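The values are calculated or read from the model by the stated rules, or taken from the named source; none is laboratory data. Values in this document were obtained by computation on a predicted structure and should not be read as measured data. Using ideal geometry, Cβ is built from the backbone for each residue, glycine included, and neighbour counts are taken over all protein chains shown.
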Amino acid sequence: MLKKTAFTPRAVVYAILVHAALIALLVVNLDWTPKSKPAQPEVDTIKATVVDASQLQAAHEEYKQAEQRKQQEREDRQKRLDEEKHAVEQRREKEQQIKAQQKNQAEELAQHKKLEVERQVKLKKQQADELSLKKQLEVEKLKKVQEVSRLAKTKQEKEAAEKKRKEEEKRLAEQEIKRKTVEADKKRKTDEERHRRDTEERALQEQLDAEQQRQNADKERQSKAAEGKYQGLIQQKVKRNWLRPQNTRDGLKCTVLVRLAPSGEVLVARVTQSSGDVAFDRSAEAAVYKASPLPVPPDASLFDERFREFNFVFGPEG
Amino acid sequence: MSFVFSRFAPLLLVFCLCAMVLTTPVRAALTIEITGGAEGAQPIAIVPFGWDGPTAPPADLAGIISADLHRSGEFAPMPEKNMVSRPHEGSQINFADWRAAGVPNLVIGKLRASGSGYVAQFQLFDVFKGEQLAGYSIASSEHDLRRTAHQISDIIYEKLTGQPGAFATRIAYITEVRGANAKSRYSLWVADADGYNPVAILNSAQSLMSPAWSPDGTRLAYVSFERRRPEVYVQEIATRHRELVASHPGINSAPAWSPDGTRLALVLSKDGNPEVYILSMRNKSLFRVTDSPAIDTEPSWSPDGNSLVFTSDRGGRPQLYRVAASGGKPQRLTFEGDYNAHGVYSPDGRSLVMVTGEGNRFRIAVQDLSTGTQRIVTDTRLDESPSFAPNGAIIVYATVVNNRGVLAMVSADGRVRQRVTQTEGNAREPVWGPRTNRIKP
C-alpha cells in the first residue's frame, strides 16, 4: 500500500510542487540579497570635510554632531534603506499583487470572456431553443388548430351521421311499431280465435272428463262392489271347504298364496307363512283347492288386478 | 334428544326411504280372511294294496293302516266302496277323480312276495298338488306284516301332522279268566298297539297287577301275588326271564321305571304305612321319597326324571301330588272332584292323565299342568289305568262294558273312542309301551 502510494502520480506531483516551492523560496531569497546592493553606492556618495581644534571642538562637536548626523544619517539611511527595501518589497509585493491582480483580472477576464462566450452560446442556444420551441409550439399550435378543426369537422360529420342514424332509427322504429301493431292486431285476433276455440274445447274436455270421471267412479264403485261381492263369495266357498284338523293348538294362523285361472280354477295354493302346524297348513291348502273353481268377477281387468293372485289368511275362530 | 336424533338421523332416513320404496305399490294385494270352518278328521283314501299272488293276500295292509289312522281321531279314511278307482302305481292315478271326491290325501301301494318274505311298497300323495309326499319299500315277513302296516301308518301320520306316529308300538295288559271251576287264571299280555298279535308272557293262578314297561321296551315290571302277598318282579319279554326285585314285609306294589331305566319307583309298607320309594336297579338300594301317615301310592315319573307324581289320601280323599325325586314336601296338583288317582305324565310333560271320580262314576281326564284345567275325555262309568301313547296323541285305558273289563282307546282330545279288539276274560291295566325301531320318514 505504502509502496503503491509512493508511486501514485498525485504524490509525485506533490513532491514536485514541494520542491518547486522550496526552489522558489530560495530563488526569492537569492533574489532579495542582490537587490539590496544597489542601495549601498548611495551611501558611498556622502562627502567628507576637514575642520580646526576650536573648530575641533567645534569640529568635534561638529564631528560629533557630524557623527551623530552621520549616525543619524546612517540610521536614516538604514531606515530609508529599510523603508526603501520595505517599499521595494511592498512595491514588489504590490507588483506581485498587481501582477496577481492582473493575472487574476486576466483570468477573470478570460473567465468572464469564457463565461461570456458560454453565456453567449447558451443564450444563442437558448434563443435557438426558444426559437425551436416557439417553432415547435407554433407547429403544435398549428397542429392543434388543425386537430381542432379536424375534430370539429369530424364531430360535425359524426353529428350529422348520428342525426341521420337517429332519423333512420326513428323511421325504422316507426316502421316496427307499425308492423308490430299490425302483427299484434293479427295476433290478438288469432289469440282471441284460439282462446275461443280453447275455451270451447276445454269446456268440452271438462264435460268429457267429468263424464269419464263419473264413468270411472261408477266403474270403480262397481268394481269395488264387484270386488267385495266376489271376495265374499270366495270367502264363503273356501270356508265351506275348510276342515280344520283336530288336536291342534289354539290361535293357529297361516297365509296361503293362491293363483287363479280366469275361470277361477285354482292353479296354485301354497302356504307362504306357516302356522307351525303341518296339519293346519295342509288343511288350509286343501280348503282352497277343494273350493276350486272359485267364484271370480267376469270383468277381466278386475280379475287381473285383484283376483289373479291374492292371499288367504286362515285364522282362529272369530 | 337432539343427540339421539342426530345419531339416528341417518338410520331414520334409510328407514324412511325403505318405507317409501316398500310402500310405493299403490294397492296392497287382496287378502281374504278365513275363520271358523268345521273341525274334523282329515279325509284320506287308502287304496287296497295291489297283490298279484295266486291266493288271497296274507294281510290287508290298507285295512290295518286305515284302522290305525282312524283310531288317531285325526283322519277319516274313505270307505273303500266310495273309491272311483284303485290305482297301485303312481302312473295310474287320475288326480282329478280324487280331487272331485274332495280327498286331499291318497295312499296307494302293493305287496309282493320276495323270497320267503314280502316287500310292501307304498306312496303317499297330495291329491291337489299331484305331488308325492312319501314313498317307501319295506321288507317284511308273514309274521311282521301287521307291524309293517303300522310302520307305514306312522310314516303317513308324521308326514301329514308333523308329529311322530305311535302305531308300531305295543301295549301290555292283564287279563283274568274265570275257569269252569270258578278259579281265576291271570295272564300278562304284550300285544300290538291295536290289540292284535297278543302274546301272554306270564300266566298265574294268583293275581297279577300293575305292569310297567322299561324305557327300552325289553322288560316289564309287575306285581305278582304268587307267593300270597304282593311282590314286585321284573321280567324280560324276549326270554321270559324274571327277577324278584321287591319282597319286603307288607305291600310291594306299583312299580314305575325312571326314564333312564336305572331306577324303579315303587310303594312299600315295610315301615308300617305305604310310602313311595326309589329302588336302584344297579345296587338295589332303597331311597324313601314320601313320609306321611296317609296312603301314598301309584308313583309316575316326570319325563325329565326329576319328579314323581303320586296318589295320596293325605288330604282326606285320594288326590294327585308331585314330589321331587330327591324327596321333600309334596305339592298337591288336583283340586277338581273328590277323587283323582293314577296320574301319569304325558310324553311332553305338559299334562297329566288320571282317573277322576264323581260319585260312583270314574272317568279318564287330562289336566293341563300349566293352567290346571282338567278335561274329561271318556264317557263311561268305570274307567281306569289310563296310559299315553309315546306320541301323546292317544290314551289307552280299561273300562267295563257289560260287566266285562275291556280295553279302549281315546284320542287325547277325547273325540275318537274305540274298543281294542278283544281279548278273552276281563282285561285291565293296559300300559302303552315305548316306541322302538321307528322308521323315520
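Of the residues contained in segment B:72-86, none is found to be within 25 Å of A:Val268 (Cα to Cα), surrounded by fewer than 12 Cβ atoms within 10 Å (Cβ to Cβ) and within 14 Å of chain A (Cβ to nearest Cβ). Note on segment B:361-441: enclosed strands (runs of 3 or more DSSP E) holding 1 or more residues that are buried (at least 16 other Cβ atoms within 10 Å of the Cβ) and in contact with a Pro (Cβ under 7 Å, 6 or more places away or on another chain) are B:361-368, B:384-388, B:394-401, B:404-411, B:426-432.
Of the residues B:Asp194, B:Asp216, only one is within 30 Å of B:Gln132 (Cα to Cα) and either of a type in the set (A, V, I, L, M) or assigned to a loop (DSSP other than H, G, I, E, B) (or both); which?
Values: B:Asp216 fails: within 30 Å of B:Gln132 (Cα to Cα).
The conditions single out B:Asp194.
Does segment A:200-208 contain any residue that is without any contact (Cβ under 8 Å) to a residue 24 or more places away in the chain, within 30 Å of A:Pro297 (Cα to Cα) and assigned to a helix (DSSP H, G or I)? The answer is yes; a qualifying residue exists. Kindly indicate the residue of segment B:245-277 that is touching a Pro at 6+ places or on another chain (Cβ under 9 Å) and among the β-branched types (Val, Ile, Thr) and also surrounded by the fewest Cβ atoms within 10 Å (Cβ to Cβ) among those meeting that condition. Filtering first and then ranking leaves B:Val245.
Look at segment B:57-66 and say how many of its residues are assigned to a helix (DSSP H, G or I) and either within 14 Å of chain A (Cβ to nearest Cβ) or farther than 21 Å from A:Ser283 by Cα (or both). Outline the logic, then answer.
In the first step, residues of segment B:57-66 are kept if they are assigned to a helix (DSSP H, G or I); the result is B:61-66.
Of the ones still in play, those that are also either within 14 Å of chain A (Cβ to nearest Cβ) or farther than 21 Å from A:Ser283 by Cα (or both) are B:61-64.
Of the residues in that region, 4 qualify.
When A:Gln222 is tested against (1) in contact with an Asp or Glu (Cβ under 9 Å, 6 or more places away or on another chain); (2) more than 12 Å from chain B (Cβ to nearest Cβ); (3) under 17 Å from B:Ile34 (Cα atoms), just one condition goes unmet, and that condition is (3). Under the condition of being at pLDDT below 95 and surrounded by 21 or more Cβ atoms within 10 Å (Cβ to Cβ), which residue from segment B:123-137 is farthest from A:Pro293 (Cα to Cα)? Per the criteria, the residue is B:Val127.
What do you reckon, is B:Thr290 touching a residue at least 40 places away in the same chain (Cβ under 8 Å) and farther than 21 Å from B:Ser387 by Cα?
Details: touching a residue at least 40 places away in the same chain (Cβ under 8 Å): yes; farther than 21 Å from B:Ser387 by Cα: yes.
So B:Thr290 passes the test.
From the list A:Thr255, A:Thr248, the lone residue that is surrounded by 12 or more Cβ atoms within 10 Å (Cβ to Cβ), under 30 Å from B:Gly40 (Cβ atoms) and modelled with pLDDT under 85 is A:Thr248.
If only residues of segment B:27-56 that are within 7 Å of chain A (Cβ to nearest Cβ) and in a loop (DSSP other than H, G, I, E, B) are counted, the one that is nearest to the chain's Cα centre (by Cα) is B:Ala41.
Pick from A:Ser292, A:Ser263: which is modelled with pLDDT of 90 or more, more than 60 Å from the chain's Cα centre (by Cα) and not β-branched (Val, Ile, Thr)? Quick ask: steps written out before the conclusion?
Values: A:Ser292 fails: modelled with pLDDT of 90 or more.
Just a single option satisfies the conditions, and that option is A:Ser263.
Considering (1) at pLDDT below 80; (2) under 52 Å from the mean Cα position of the chain (by Cα), the lone condition that A:Thr154 does not fulfil carries the number (1). Let me confirm something: among B:Ser285, B:Ser302, which residue is under 21 Å from B:Met354 (Cβ atoms) and not charged (D, E, K, R)? Within the list B:Ser285, B:Ser302, the selection yields B:Ser302. The single condition among (1) modelled with pLDDT of 90 or more; (2) under 26 Å from B:Arg112 (Cα atoms) that B:Phe75 does not meet is (2). Among the residues of segment A:227-236, those that are more than 8 Å from every other protein chain (Cβ to nearest Cβ) and either out of contact with any Lys or Arg (no Cβ under 9 Å at 6 or more places or on another chain) or part of a loop (DSSP other than H, G, I, E, B) (or both) comprise A:Gly228, A:Lys229, A:Gly232, A:Leu233, A:Gln236.
Counting only residues that are free of Cβ contacts under 8 Å to residues at least 60 places away in the same chain and at the interface with chain B (Cβ under 7 Å from one of its Cβ atoms), segment A:288-308 holds 2 of them. For first residues located in segment A:86-107 and in contact (Cβ under 8 Å) with a residue 24 or more places away in the chain and within 23 Å of A:Asp76 (Cα to Cα), partners that are among the charged types (D, E, K, R) and surrounded by 13 or more Cβ atoms within 10 Å (Cβ to Cβ) and lie 6+ apart or on another chain with Cβ distances below 7 Å form the pairs A:Val88/A:Lys35.
Would you check if there is a residue in segment A:271-285 being within 22 Å of B:Glu158 (Cβ to Cβ), among the polar types (S, T, N, Q) and more than 8 Å from chain B (Cβ to nearest Cβ)? Before you say what the answer is, go through the steps one by one.
Step one: of segment A:271-285, the residues within 22 Å of B:Glu158 (Cβ to Cβ) are A:271, A:274-285.
Still in the running and among the polar types (S, T, N, Q): A:274-275, A:283.
With the extra rule that they be more than 8 Å from chain B (Cβ to nearest Cβ), the set shrinks to A:274-275.
Looking for residues that are within 22 Å of B:Glu158 (Cβ to Cβ), among the polar types (S, T, N, Q) and more than 8 Å from chain B (Cβ to nearest Cβ), one finds at least one in segment A:271-285, hence yes.
Within the bounds of segment A:248-270, is there any residue that is within 7 Å of chain B (Cβ to nearest Cβ) and more than 22 Å from B:Phe95 (Cβ to Cβ)? No - not one qualifying residue is present in segment A:248-270. The set of residues in segment B:89-137 that are within 14 Å of chain A (Cβ to nearest Cβ) and among the aromatic types (Phe, Trp, Tyr) comprises B:Phe95, B:Trp98, B:Phe125, B:Phe128.
Residue-wise test of (1) out of contact with any Leu (no Cβ under 6 Å at 6 or more places or on another chain); (2) β-branched (Val, Ile, Thr); (3) farther than 25 Å from B:Val344 by Cβ.
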position: B:Ala238; (1), (2), (3): yes, no, yes
position: B:His248; (1), (2), (3): no, no, no
position: B:Pro255; (1), (2), (3): no, no, no
position: B:Ser258; (1), (2), (3): yes, no, no
position: B:Val276; (1), (2), (3): yes, yes, no
position: B:Leu279; (1), (2), (3): no, no, no
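Residue count for segment B:317-352 satisfying the condition of being surrounded by 14 or more Cβ atoms within 10 Å (Cβ to Cβ) and part of a strand (DSSP E or B): 15.
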